[in-house]
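**Q** Before anything else, here's the structure in question.
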Amino acid sequence: MSSKNTLTDAIKEDHQEMYEYYDNYKKAAGDSDAQARWARQLTWEIARHAVGEEIVVYPLMEKHMGHEGIKLANQDREDHQQVKEQLYQLESLTAGTNDYDAIMTRVMAHLRQHNDSEETQDLPQLEPILGQEGSQQAAASFTRTKKFAPTRPHPSAPNKPPAETLVGFLALPIDKLKDMFTKFPTEEMKKVAEQDQK
């Protein structure tokens, strides 16, 4: 992502990636290994994205948008909590099963509604207050924060800084270790998916 991108650009790009990973999960029906890989990629993206928003975006909304910003940020945190709890349930299930598919469907339905709300309500109110330069700085901070965010859902972790930041840094090494033994989509799978989307 370019350093010239706005916060809205960065958030929308992540949202689009989530949808693409879910589409790839659905296209892999009948291949539980491929579905598990795409589900893991999706969960990885959602976990990092949520923490990035909770540490960077929602405090900006609270700081700059007054009571409305606090209300919207609290609703967004509640939305994230629901998604984290559902994603956490997936860890004990097998990809491609009816139970797994049902949770994935619920997660994505909830996320689409949440993402749409961010794109049509939260960000259009925040962007003019931040201005172009402030928005670009927030986008860079959001992107940087995701690099140090946990890669798995932690529904019992705090969802506001500074506690979330500390817990996230503590969880990250464990998540990274788990990721080393987890299957993600192969480069070949990513290339095929990319070609299918064109």
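Read-outs throughout are calculated quantities, based only on the coordinates presented, and are distinct from any laboratory measurement. What you see is a predicted model, and the numbers here were worked out from it, not measured in a lab. Heads up, the Cβs are rebuilt from the backbone with ideal geometry, glycines too, and the neighbour counts pull from every protein chain shown.
**Q** Quick one: plug the Kirkwood hydrodynamic radius of the range 1-139 (C-alpha pairs) into Stokes-Einstein at 4 °C, 1.567 mPa s, and report D in µm²/s.
**A** For these conditions, the coefficient is 82 µm²/s.
**Q** Follow-up question, since we're still on this one. In nanometres, what is the gap between the two model label sites at GLU17 and GLN75, each 7 Å from Cα along Cα-to-Cβ?
**A** Here the modelled spin labels are 2.6 nm apart.
**Q** Same structure, new question: When N is the residue count of the range 58-153, what does its C-alpha Rg come to as a fraction of 2.2 N^0.38 Å?
**A** 1.27
**Q** Could you compute the net charge surrounding LYS198? Neighbours are other residues with a C-beta less than 14 Å from the C-beta of LYS198; K and R count +1, D and E count -1.
**A** For residues surrounding LYS198, the net value is -2.
**Q** With a Förster radius of 30 Å, plug the Cβ-Cβ distance of ASP99 and HIS64 into 1/(1 + (r/R0)^6) and report the FRET value to the nearest 0.05.
**A** Working: r = 42 Å, r/R0 = 1.40.
Approximately 0.10, to the nearest 0.05.
**Q** Here is a further query. Counting Lys and Arg as +1 and Asp and Glu as -1, each charge on the Cβ, what is the dipole of the chain about the Cα centre in debye, to the nearest 20? Mind showing how you got there, number by number?
**A** Numbers: 24 positive and 33 negative charges, 106 e Å.
The calculated dipole for the chain is roughly 500 debye.
**Q** For GLN137, project a label point 7 Å along Cα to C-beta. Then give me every residue of the range 35-73 with its amide nitrogen under 19 Å of that point.
**A** Under cut-off, by backbone N: 53-66.
**Q** Only loop residues by DSSP count here, and only those with at most 11 other Cβ atoms within 10 Å; note down the GluC sites (Glu not before Pro) in the range 87-125 that meet that.
**A** Taking the range 87-125 and a limit of 11 other Cβ atoms within 10 Å, the loop GluC sites (Glu not before Pro) found are GLU91.
**Q** Something else about it: Run the quick spin-label model on ILE129 and THR186: label points 7 Å from Cα toward the beta carbon, then report their separation in nm to one decimal.
**A** Inter-label distance under the simple model: 4.8 nm.
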